[in-house]
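One structure is given below, encoded as C-alpha cells.
The values are calculated or read from the model by the stated rules, or taken from the named source; none is laboratory data. All of these numbers come straight from a predicted model, not from anything done at the bench. Cβ atoms come from the backbone with ideal geometry, glycine included; neighbour counts cover every protein chain shown.
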Amino acid sequence: MTDVITRARSGDGEAFRELTEPYRRELLVHCYRMLGSIQDAEDVLQETLLAAWQGITGYEGRAAPRTWLYRIATNRCLNARRSAARRPAKEWDVPHVDPPEPSRLGEVVWLEPIPDTVFDPEARYEQAESISLAFVTALQTLPPRQVAVLVLRDVLGFHAAEVADMLDTTVESVKSALKRARAALPAQPTPGPEEAVVARFVAAWQSADVDGLVALLTDDVFMSMPPIPFEYEGRAAVAEFSRTVFAAGRRFDLVATRANGQPAFGAYLRTQDGQSHGVGLYVLTLDGGRISALTRFENGHLARFGLPRAIPTP
C-alpha cells in the first residue's frame, strides 16, 4: 500500500485508481445516504475523487485511505446538502388525475430511490436497514452534521476520534451530536415475509381492486410522491387517492424490481395503442408483513433500474 501511495503522490493516475477504486461503490452509497439523491451522490462522488486526486500530494498515509476518502466525501456532502435545501417542491402534474386533498405536505421532497444493484447487501455498512427509504428519509430531516455523525459512527463504524478528525471538531461534540441524532430518529419498520404480500399487491393494483389493496395496508400507512410534496396518511386517505388514480378506467401493469432493499415496481399505464407506457416507480415499505408506506417516484427513474419506457400490453 505504501508503494501505491508513493506512486499516486508522484502523479501516477493508475496508482491513484488502484488506491481509490476499492472504495468507489461504498462512497457512492455513503453520499446517497447523506443526500437522499442518487444523482447528487454520483456528482459528489466525482467531486470527491477529483479533490482526492488534487490533494494526493498532501496525503501522507497517516490515516487509512478509506478514512481519508470518507473525510473528503462527507464534507462535500455537507456542502451539497446546504445547496439542495433551497430546491423547491414540484407541483402536481399527472394528466387527467385530480388528486384529493393531501393529508399533509411532506417535509422531504427531493428524495430518490437507489437500485439494489448499486450496493452490496452483504456488507455490514450496506445492510438493508441502513439503506431503506424510511432510514434515508429520516436522515434528510436531521441537521446535516448530525446526519454525518450518525452515519459515520452507527452505520460505518468509525471511532468517535476518527469522526471528530473528519469533521474538524471535538470528540465531545461528536458524542453530543450522535446522542441527539439517535433520539430524533424515528423507529424503523420491521419487514416481514415479502412474497405473499407483494403478490397480493400486484394483483390488487393491476386489477384496480382498492378494497384488496386496503386490506394489505397498516392502519397508519402513508403514501408519498417526491418531488411532489403530497402525502396521504391512513387507510382511508390512501384508498381515496387510489380510487382517483384508477378513475375513468385507468389500468396499470407492474414490472418488478428492487430499490433500497425493498420490493419495487415500474408502473405502466395501459393505452389503446397496444403499449403500456411507464408512468412511475413504486417502492413498498413492509412492516410486520403488511405495507406501511407506498412511495411513488417519477418515470425518469425507470431507466436507472433497467426498466423500459414502454412494454407491450398483456
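Are any residues in segment 130-159 surrounded by fewer than 20 Cβ atoms within 10 Å (Cβ to Cβ), within 14 Å of Glu107 (Cα to Cα) and of a type outside the set (A, V, I, L, M, F, W, C), and if so, which ones? Answer for segment 130-159, where residues must be surrounded by fewer than 20 Cβ atoms within 10 Å (Cβ to Cβ), within 14 Å of Glu107 (Cα to Cα) and of a type outside the set (A, V, I, L, M, F, W, C): Thr141, Pro143. The residues of segment 271-285 that are at pLDDT below 95 and either crowded, with 21+ Cβ neighbours inside 10 Å or on the phi < 0 side of the Ramachandran plot (or both), listed by number, are Thr271, Gln272, Asp273, Gln275. The residues of segment 195-219 that are buried (at least 18 other Cβ atoms within 10 Å of the Cβ), in contact with a Phe, Trp or Tyr (Cβ under 7 Å, 6 or more places away or on another chain) and touching a residue at least 40 places away in the same chain (Cβ under 8 Å), listed by number, are Trp205, Leu216.
When Val118, Val109 are checked against the criterion of being within 30 Å of Pro22 (Cα to Cα) and β-branched (Val, Ile, Thr), Val118 stands alone in meeting it.
What helices (runs of 4 or more DSSP H) lie completely within segment 10-83 and have 1 or more residues being charged (D, E, K, R) and within 24 Å of Asn260 (Cβ to Cβ)?
Details: elements: 13-20, 24-35, 38-54.
Hits in segment 10-83: 24-35, 38-54.
Within segment 181-194, can one find any residue that is surrounded by 15 or more Cβ atoms within 10 Å (Cβ to Cβ), at pLDDT 95 or above and among the hydrophobic types (A, V, I, L, M, F, W, C)? For segment 181-194, residues surrounded by 15 or more Cβ atoms within 10 Å (Cβ to Cβ), at pLDDT 95 or above and among the hydrophobic types (A, V, I, L, M, F, W, C): present.
Could you run through segment 220-245 and say how many residues are of a type in the set (D, E, K, R) and either buried (at least 21 other Cβ atoms within 10 Å of the Cβ) or more than 16 Å from Arg104 (Cβ to Cβ) (or both)?
Filtering segment 220-245 for residues of a type in the set (D, E, K, R) gives 220, 231, 233, 235, 240, 243.
Keeping just the survivors that are either buried (at least 21 other Cβ atoms within 10 Å of the Cβ) or more than 16 Å from Arg104 (Cβ to Cβ) (or both) gives 231, 243.
Here the count works out to 2.
When both residues are 6+ apart or on different chains and their Cβ atoms are under 6 Å apart, which pairs have a first residue that lies in segment 13-39 and is under 26 Å from Pro227 (Cβ atoms), and a second that is of a type in the set (Phe, Trp, Tyr) and not in a helix (DSSP H, G or I)? Cβ pairs passing all conditions: Val29/Phe119.
Mind checking whether some residue in segment 119-130 is in contact with a Leu (Cβ under 8 Å, 6 or more places away or on another chain) and either assigned to a strand (DSSP E or B) or of a type outside the set (Phe, Trp, Tyr) (or both)? Within segment 119-130 (the criterion being in contact with a Leu (Cβ under 8 Å, 6 or more places away or on another chain) and either assigned to a strand (DSSP E or B) or of a type outside the set (Phe, Trp, Tyr) (or both)), the answer is no, since none of the residues qualifies.
Yes/no matrix, rows are residues, columns are (1) without any contact (Cβ under 8 Å) to a residue 12 or more places away in the chain; (2) surrounded by 15 or more Cβ atoms within 10 Å (Cβ to Cβ); (3) in contact with a Phe, Trp or Tyr (Cβ under 7 Å, 6 or more places away or on another chain):
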position: Val44; (1), (2), (3): no, yes, no
position: Glu47; (1), (2), (3): no, yes, no
position: Leu50; (1), (2), (3): yes, no, no
position: Gly55; (1), (2), (3): no, no, no
position: Trp68; (1), (2), (3): no, yes, yes
position: Arg76; (1), (2), (3): no, yes, no
position: Glu91; (1), (2), (3): no, no, no
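Taking Arg7 as the residue in question, decide whether it is at pLDDT below 95 and surrounded by 16 or more Cβ atoms within 10 Å (Cβ to Cβ). It is true that Arg7 is at pLDDT below 95 and surrounded by 16 or more Cβ atoms within 10 Å (Cβ to Cβ).
Note on segment 288-314: among residues that are in contact (Cβ under 8 Å) with a residue 40 or more places away in the chain and part of a helix (DSSP H, G or I), the one that is surrounded by the most Cβ atoms within 10 Å (Cβ to Cβ) is His301. Of all positions in segment 222-245, at least one carries a residue that is under 21 Å from Glu298 (Cβ atoms), touching a helix residue (DSSP H, G or I) at 6+ places or on another chain (Cβ under 9 Å) and of a type in the set (Val, Ile, Thr). Is it the case that some residue within segment 96-112 is surrounded by 20 or more Cβ atoms within 10 Å (Cβ to Cβ) and either at positive phi or touching a Lys or Arg at 6+ places or on another chain (Cβ under 8 Å) (or both)? Looking through segment 96-112, at least one residue is surrounded by 20 or more Cβ atoms within 10 Å (Cβ to Cβ) and either at positive phi or touching a Lys or Arg at 6+ places or on another chain (Cβ under 8 Å) (or both).
Would segment 137-159 turn up any residue that is in a loop (DSSP other than H, G, I, E, B), within 19 Å of the chain's Cα centre (by Cα) and under 21 Å from Met223 (Cβ atoms)? Checked against the condition, which is being in a loop (DSSP other than H, G, I, E, B), within 19 Å of the chain's Cα centre (by Cα) and under 21 Å from Met223 (Cβ atoms), segment 137-159 yields at least one hit.
In summary, Glu91 fulfils each of the numbered conditions (1) part of a loop (DSSP other than H, G, I, E, B); (2) under 19 Å from the mean Cα position of the chain (by Cα); (3) at pLDDT 90 or above with the single exception of condition (2).
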